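S.K.: Could you have a look at this structure, given as structure tokens, before my questions?
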Amino acid sequence: MSRKGSVIITLLSLLSMTGCNYPVRDYSTVRLDRMGHDPGDTLEFVVDIVDSLSTYDISFGARVDKSFIYPTIDAELLATTPDSILKRYEISIPADIILHKRGKTKVSSQNGVYDIEWKWKEGVKVSSYGEWKIQMLLKGRGEKIKGIHEIGINCEPNERKR
């Protein structure tokens with residue numbers, strides 16, 4: 001084998017060992033009981049991050065109907081990294097349908113059901129690749145939370161910051 005051939009094989013081997021996989025979009029969603037959930041109910045998501053060298057945009061999607069009467073879906077996020085490190089966040093997903101109709105948030109609707117997409121963070125550098133387990137604890141206002149059909153989390157490569 002020529003010297004040039006062995007250098008190329010060595011470089012390819014090094015690249016494969018460093019985890020330089022091309023990042024892919026991963027989306028995890030949970031369907032909810034339309035009759036309602038109690039405050040404190042926990043939704044669980046798993047997002048597979050294949051490249052810890054890239055940056056990611058993280059957004060939440062929600063499908064709500066007119067019976068959801070609050071301006072936000074409030075929750076506490078508990079994210080467990082593949083190395084078992086726990087990270088905690090408070091989020092408020094905008095869910096005011098009237099504001100959406102004015103074009104302030106990405107939304108589409110059909111038959112009184114609204115699909116909302118809210119970009120939470122851009123250009124996030126993750127600490128490790130692998131399965132991230134995310135628990136979302138719904139916060140309430142003292143009564144059943146109604147009108148949410150599903151909630152999802154989207155983790156997408158940020159091509160501008162790669």
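The values are calculated or read from the model by the stated rules, or taken from the named source; none is laboratory data. What you see is a predicted model, and the numbers here were worked out from it, not measured in a lab. Note: ideal-geometry Cβ built from the backbone for every residue, glycine included; neighbour counts use all protein chains shown.
S.K.: For the stretch 51-66, which residues satisfy the criterion of being in contact with a helix residue (DSSP H, G or I) (Cβ under 8 Å, 6 or more places away or on another chain) and either assigned to a strand (DSSP E or B) or under 20 Å from GLU90 (Cβ atoms) (or both)?
M.R.: Of everything in the stretch 51-66, those that are in contact with a helix residue (DSSP H, G or I) (Cβ under 8 Å, 6 or more places away or on another chain) and either assigned to a strand (DSSP E or B) or under 20 Å from GLU90 (Cβ atoms) (or both) turn out to be THR55, VAL64.
S.K.: Can you pull out every residue in the stretch 54-97 that is buried (at least 17 other Cβ atoms within 10 Å of the Cβ) and of a type in the set (S, T, N, Q)?
M.R.: Residues satisfying the conditions are SER54, THR55, SER59, THR81.
S.K.: Can you say whether TYR70 is closer than 29 Å to GLY147 by Cβ, assigned to a loop (DSSP other than H, G, I, E, B) and at pLDDT 85 or above, as far as the supplied structure shows? Outline the logic, then answer.
M.R.: On the way: closer than 29 Å to GLY147 by Cβ: yes; assigned to a loop (DSSP other than H, G, I, E, B): yes; at pLDDT 85 or above: yes.
Yes; evaluated as a whole, the condition is true for this residue.
S.K.: Against the condition at pLDDT 85 or above and touching a Gly at 6+ places or on another chain (Cβ under 6 Å), how does GLY152 come out, does it pass? Explain how you work it out, then say what you get.
M.R.: Working: at pLDDT 85 or above: yes; touching a Gly at 6+ places or on another chain (Cβ under 6 Å): yes.
Taking the combined requirement at face value, the residue satisfies it.
S.K.: Here's something else I'd like to know. Out of everything in the stretch 109-162 that is among the hydrophobic types (A, V, I, L, M, F, W, C) and farther than 14 Å from LEU43 by Cβ, what residue ends up being farthest from the chain's Cα centre (by Cα)?
M.R.: Residues of the stretch 109-162 among the hydrophobic types (A, V, I, L, M, F, W, C): 113, 116, 118, 120, 124, 126, 132, 134, 136-138, 145, 148, 151, 153, 155.
Add one more test, that the residue is farther than 14 Å from LEU43 by Cβ, and what stays is 113, 116, 118, 120, 124, 126, 132, 155.
Working: VAL113: 21, ILE116: 13, TRP118: 10, TRP120: 8, VAL124: 12, VAL126: 13, TRP132: 10, CYS155: 5 Å.
The residue in question is VAL113.
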